[in-house]
Amino acid sequence: MQYNFDEIVNRRGTTCVKWDKSIMDFGESTIPMWVADMDFPAPIEVQEAIKKRSEQSIFGYTYIKDEVYDVVVSSLKENHGWDIKKEWIVFLPGVVDGIATSLNVFTEKFDSVVIQPPVYPRFYSVANAMGRNLLLNNLKLTDEGYKMDLQNLQSTVETEKPKLMILCNPHNPIGRVWTKEELKALGEICVKNTVIIISDEIHSDIVYKGFKHIPVASICKEFEQNSITLMAPSKTFNVAGLGQAFAIIPNKDLRNTFTTGREGYSWGNIFGITSFEVCYKYGERYKEELLEYLEVNIKFVEKYLKEQLPNIKMHKPEGTYLLWLDMRKLGMNKTQLDDFIREKVKVRFNDGYSFGKVGEGFMRMNIGCPRTYIKEALDRLKNAVNNLKIK
Ligand SMILES: Cc1ncc(COP(=O)(O)O)c(C=O)c1O
């Protein structure tokens, strides 16, 4: 192994949301396992490229050179088997920016937009802030895990006539990597009812053995022409603060509308684009070793819960470094569970409720960190749960 993901790097005092905000809100001793960034250094090549660029000392306007477009084209081909053209790529400072732009240019106030809760909270916040009407096609929780409710999706789009659907693939927070069959069914419903698919695929490179990420747009020409795919190196290589993402928009009309709507807005910055190129060119080894480490973390949590906290059930992720923990058997309402986690467990998870009402009784745990943090967090959780039983 080239990378030592067990290494503890002190992030305190760096205006880091994950640690410093957690300390501010929850107290010094809290272990932060919320916000989707990892406590691992970025690939060595990224660190070096940023240092080298900073040594140039002048940080004037910059443009995106052709080679950067080339790395996107080859990464899509190699990682996801999708042949894209350079002109389909639009650089952005973030994936949420791409969602906001899409809502802005393809919908109007009061228009309906479909999302599939429990899902990433900013899908709600951005659409709500723009006065869009959210249609909630809740995922179905079955004995085999979460599934899309395709029947309800079909009837919802036929009756409510939304203009747009925001897909999350892999799905944050429940960790599903949607299958070709599921995506095909979803895509067909959307194409038939002229619903544009905004596919947030930011977690697409963090997919575990036995599963494969399929960009919905790569399935067929009709889907390609009906989708905006949003991706970024930020999750895979832990460079979210560098702010560089991209959209792939094969349909010329959609692309023109999207880029016209962004006229005057930023595409990113020097350090973002420097790291972006290096991540995709040289990050393969980092990614492989990271996936191995994360998989062991997941197995560690799975075993620990099974043996020592059987009342807490983990939804084993197929992708993402996020674990969706079902704590409903603890028998607490939202406020009680929040208070319990904050005051007794002293670990900061993301409250399941923030992913939608259907997330009540769940917590999202970020396992993108050295295993010692995970062990300590689980020990704290176990002690707090055991104390509940004693009372
Ligand atoms: C599904 C999903 N989309 C988007 C983002 C944020 O993307 P960005 O920081 O590029 O706006 C996150 C971050 O956690 C996420 O999980």
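List of remarks:
- Between GLU343 and ASN383, the simple label model (points 7 Å from Cα in the Cβ direction) yields a spacing of 1.8 nm.
- Amide H contacts under 5 Å for VAL114, placed H, 5+ residues apart: LEU135, LEU164, MET165, ILE166
- Histogrammed with a bin width of 10 Å, the alpha carbon distances of the chain distribute as 5, 23, 32, 26, 12, 2, 0 percent, first bin at zero.
- Per-peptide average of other Cβ atoms within 10 Å, ordering 16-27, 311-322 highest first: 311-322, 16-27
- Considering only MET130, MET365, MET231, the Gaussian network model of the chain with Cα springs below 10 Å gives its largest mean-square fluctuation to MET130.
- Cα centroid separation, the range 40-116 to the range 128-152: 27 Å.
- For LEU92, residues with placed amide H under 5 Å, excluding near neighbours: ALA245, PHE246, ALA247
- For the chain: relative contact order, % (alpha-carbon pairs under 8 angstrom, 6 or more apart): 23 percent
- With the charge dipole of the chain set up from +1 on Lys and Arg Cβ and -1 on Asp and Glu Cβ about the Cα centre, the Cα lying farthest toward the positive end among the listed residues SER218, CYS16, ILE248 is that of CYS16.
- The string of couplings for the range 62-72 from the Karplus curve (6.51, -1.76, 1.60, θ = phi - 60°) is 9, 10, 9, 6, 4, 4, 5, 4, 4, 5, 5 Hz, one whole number per residue in order, with x for Gly and Pro.
- Percent of beta bridges antiparallel (DSSP, the chain, rounded to nearest 5): 55 percent
- Residues GLN225 and ARG12, FRET efficiency given R0 of 45 Å [Cβ-Cβ distance, rounded to 0.05]: 0.40
- Whole-Å distance, taken between Cα centres, linking the range 342-368 and the range 248-269: 35 Å
- Fully extending the segment from GLN56 to GLN2 would add 16.6 nm, taking 0.36 nm per residue of separation and subtracting the current Cα-Cα distance.
- Of TRP178, TRP82, the sequence from fewest to most neighbouring Cβ atoms within 10 angstrom is TRP82, TRP178.
- 3J(HN,Hα) along the range 213-229, derived from phi through the Karplus expression 6.51 cos²θ - 1.76 cosθ + 1.60 where θ = phi - 60°, amounts to 7, 10, x, 4, 5, 7, 6, 7, 4, 4, 5, 4, 6, 10, 9, 10, 9 Hz, with x in place of Gly and Pro.
- Less than 5 angstrom separates the built amide H of TRP178 from those of HIS171, all sequence-distant by 5 or more or on a different chain.
- Highest GNM mean-square fluctuation among GLY272, GLY283, GLY60, for the chain modelled with Cα contacts below 10 Å: GLY60.
- The alpha carbons of the range 49-282 occupy a box of 57, 41, 30 Å along the principal axes, longest dimension given first.
Rule-based calculations on the coordinates, nothing more; no lab input. Just so it is clear, the structure is predicted and the values come from calculations on it, not from any experiment. Positions of Cβ are generated from backbone atoms using ideal geometry, with glycine treated the same way; all protein chains shown enter the neighbour counts.
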